[in-house]
Amino acid sequence: MNMKTSVAIEKAVPVADPDIARTEFRNAMARMAAAVNIVTTNGPAGIAGFAATAVCSVTDNPPTLLVCLNRGASVHPAVTQNGVLCVNVLSEAHQDLSRLFGGKTPVVERFAGASWSELSTGAPVLEDALVSFDCRIVRQADGGTHDILLCEVDAIRQRDEGQGLIYFDRTYHSAGRAE
Ligand SMILES: NC(=O)C1=CN([C@@H]2O[C@H](COP(=O)(O)OP(=O)(O)OC[C@H]3O[C@@H](n4cnc5c(N)ncnc54)[C@H](O)[C@@H]3O)[C@@H](O)[C@H]2O)C=CC1
Ligand SMILES: Cc1cc2nc3c(=O)[nH]c(=O)nc-3n(C[C@H](O)[C@H](O)[C@H](O)COP(=O)(O)O)c2cc1C
């Protein structure tokens with residue numbers, strides 16, 4: 001079969017200028033679809049939460065996730081000092097909530113946008129999240145501008161209905177079935 005594609009394949013040229021490299025990297029990352037989460041924390045350093053796509057599974061033994069958090073984010077001290085966090089996986093109904101937690105908005109306004117409960121660590125659990133992973137941060141690695149947080153899962157709450165929320169090409173999409 002003669003299958004033609006209309007995809008332009010460009011030669012990979014290493015970029016010397018770090019600003020251009022950052023822009024190219026971000027433009028490339030914008031083509032990588034990702035699930036959207038709200039990562040929350042609570043404890044002695046206060047309540048906080050932020051929208052996050054840099055979240056993934058590490059191992060199931062013990063169940064562990066990683067979360068990459070920008071060191072310059074206003075939420076950084078609260079998350080790292082509390083040592084606990086909850087990864088709340090968003091549904092398609094949560095676009096506005098994701099925008100609220102995506103930066104700049106004061107913490108009180110962020111949490112006023114939805115209903116919350118808690119599981120074992122005290123980190124806020126979004127009532128209608130698709131799934132919530134309540135975690136303790138067990139290790140922190142240096143990722144340059146970001147800290148890579150290894151998080152052991154203490155408790156999980158999930159619901160069966162609802163479609164996922166996907167971030168792709170800098171816009172939100174619903175994660176329906178492909179077929
Ligand atoms: N991992 C991260 O820290 C992410 C941060 N953001 C922030 O949200 C805002 C809006 O982002 P977009 O509309 O998607 O446009 P954008 O051009 O800033 O980002 C495009 C893509 O690049 C990646 N990215 C962006 N900033 C990054 C960073 N500082 N470190 C590592 N990867 C990064 C993400 O995959 C993002 O979807 C920006 O301020 C951006 O920095 C967004 C997504 C992920
Ligand atoms: C869709 C989306 C995904 C994001 N993913 C991450 C992420 O994985 N890690 C991160 O540190 N910041 C991420 N951000 C940015 C944070 O949500 C934002 O910096 C955070 O809310 C703190 O902002 P503040 O410093 O204004 O409080 C993301 C933003 C958006 C809109």
**Prompt:** Quick one: which of 84-95, 154-165 comes out on top by average Cβ neighbours within 10 Å, and what's the full order, highest first?
**Reply:** 84-95, 154-165
**Asked** For the chain, modelled as a GNM with alpha-carbon contacts under 10 angstrom, which of Thr41, Thr23, Thr80 fluctuates the most?
**Response** Thr23
**Message:** In Å, what Kirkwood hydrodynamic radius results for region 56-146 from the alpha-carbon pair distances?
**Reply:** 14.3 Å
**Fill in**
Toy charge model, Lys and Arg Cβ at +1, Asp and Glu Cβ at -1: the chain dipole around Cα centroid in debye, rounded to 20, equals 420 debye
**Message:** Please list log₁₀ I(q)/I(0) at q = 0.09 Å⁻¹ for the chain, using the Debye equation with identical point scatterers on the alpha-carbon positions.
**Reply:** -0.36
**Item:** Whole-percent carbon and sulfur share, accessible surface of the chain, 1.4 Å
**Value:** 53 percent
**Complete:** With Cα coordinates, the longest principal axis of the chain makes an angle with the long axis of helix 18-29, in degrees rounded to 10, of 80 degrees
**Asked** Tell me, which cysteines of the chain are without a disulfide-compatible partner by the Cβ under 4.7 Å rule?
**Response** Cys56, Cys68, Cys86
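The values are calculated or read from the model by the stated rules, or taken from the named source; none is laboratory data. The shown structure was predicted, so the numbers you read here are calculated from the model rather than taken from an experiment. Glycine also receives a Cβ, built like all others from the backbone with ideal geometry; neighbour counts cover every protein chain displayed. We work out accessible area using only protein heavy atoms, side chains counted, and drop any ligands, DNA or RNA first. Shrake-Rupley method; radii C 1.70, N 1.55, O 1.52, S 1.80 Å.
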